[in-house]
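Here the structure comes first, spelled out in structure tokens, and everything after it is commentary.
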Amino acid sequence: MQQCTCCAAPGQFSILVAAGPGEPPLDPRYYLPNQMVRSMANDLGEQIKELWFCKSCIRKVEDNFRATILSLRAGNNLG
């Protein structure tokens, strides 16, 4: 079983991310891969990586993702 990326507990859930170059403390920089990146990851120098999370940490990732979308929508008067 894989370990949680955040707390090293047993990982039960995973997400695929693109891992690109970054600078500390975000080294590497993880982002959500679009269709082009998924199909051409090697050509673009990106790496598709599976990140594992325990139940507690995946909930926090989901909550933060949701909050980011809501914040962006509110900032664009779409919320």
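Throughout, read-outs are computed from the coordinates displayed, never taken from laboratory work. What you see is a predicted model; the values in this text were computed from it and never measured. Here the Cβ positions follow ideal geometry from the backbone for every residue, glycine too, while neighbour counts run over all protein chains shown.
Report the label-to-label distance for Gln35 and Asn64 in nanometres (one decimal), using points 7 Å from each Cα along the Cα→Cβ vector.
Spacing of the two 7 Å Cα→Cβ label points: 2.9 nm.
By per-residue mean of other Cβ atoms within 10 Å, what is the highest-first order of 59-67, 10-18?
By packing density, highest mean first, the sequence is 10-18, 59-67.
Report the full-extension gain for the segment Leu16 to Lys49: residue separation times 0.36 nm, less the Cα-Cα distance, to one decimal in nm.
11.3 nm
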